[in-house]
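Structure record follows, encoded as C-alpha cells.
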C-alpha cells in the first residue's frame with residue numbers, strides 16, 4: 001500500500017487524521033481498540049489486539065466473528081473515505097464476509113481493504129483479515145458495497 005499524495009490534494013498527514021477521526025467517531029471501533037496502520041489512495045489497513053472480552057468460544061479462546069466483522073467493515077469504510085474521488089462520507093450498503101478459519105487465540109488481527117471501483121454513488125471494496133500466523137490463509141475475506149456521499153456540488 002502506498003501513502004500517496006492524499007485525498008483530492010490533501011496531504012498524507014491530513015488523510016491519516018481524517019481516517020483516525022472516522023475510526024474514533026465509531027463507538028465500537030474505540031471499544032475494540034482499533035488502530036489505523038496504513039491509509040492511502042483507496043486502501044486502508046486497521047488492526048485490533050486480542051482481547052479476552054471478545055472471546056466467542058470460551059473453550060478455545062477464539063475471538064467472536066462479530067469482532068472480526070466490525071474490524072473488516074470499518075477498514076472497508078476507511079478505504080472508501082480515502083479513495084481519490086474524495087467522498088465526504090460513506091455507509092455500508094452490503095458486506096459479505098467469508099470466514100476461512102478461526103483466528104489464533106492471543107494474536108492481533110489485521111484487516112486490509114482496497115476500494116477497487118467507484119461510481120457516482122457506490123464504492124466497491126475487497127478486504128482480508130489475518131492474524132499473526134506466517135503463511136496461513138486469511139481468517140476472513142470480504143466484499144462490499146458502500147455509499148459515496150460527496151460534498152455539495154462535487155460529482156465524480
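Remarks
- Hey, residue 46 buried (at least 18 other Cβ atoms within 10 Å of the Cβ), at pLDDT 80 or above and either over 18 Å from residue 113 (Cα atoms) or in contact with a helix residue (DSSP H, G or I) (Cβ under 8 Å, 6 or more places away or on another chain) (or both) or not: yes
- Filter pass, residue 62 being within 17 Å of the chain's Cα centre (by Cα) and either surrounded by 19 or more Cβ atoms within 10 Å (Cβ to Cβ) or within 24 Å of residue 33 (Cβ to Cβ) (or both): no
- Test result for residue 85, modelled with pLDDT under 95 and within 27 Å of residue 15 (Cα to Cα): yes
- Sole exception among (1) closer than 22 Å to residue 32 by Cα; (2) in contact with a strand residue (DSSP E or B) (Cβ under 7 Å, 6 or more places away or on another chain); (3) surrounded by 19 or more Cβ atoms within 10 Å (Cβ to Cβ) for residue 108, by number: (3)
- For residue 33, the conditions (1) surrounded by fewer than 15 Cβ atoms within 10 Å (Cβ to Cβ); (2) in contact (Cβ under 8 Å) with a residue 24 or more places away in the chain; (3) assigned to a loop (DSSP other than H, G, I, E, B) all hold with the exception of (2).
- Selection count where residues are under 15 Å from the mean Cα position of the chain (by Cα) and at pLDDT below 95, scope the range 130-146: 0
The values are calculated or read from the model by the stated rules, or taken from the named source; none is laboratory data. Just so you know, these numbers come straight off a predicted model, no measurement behind them. Because the Cβ atoms are built from the backbone with ideal geometry, glycine has one as well, and the counts that use them run over all protein chains shown.
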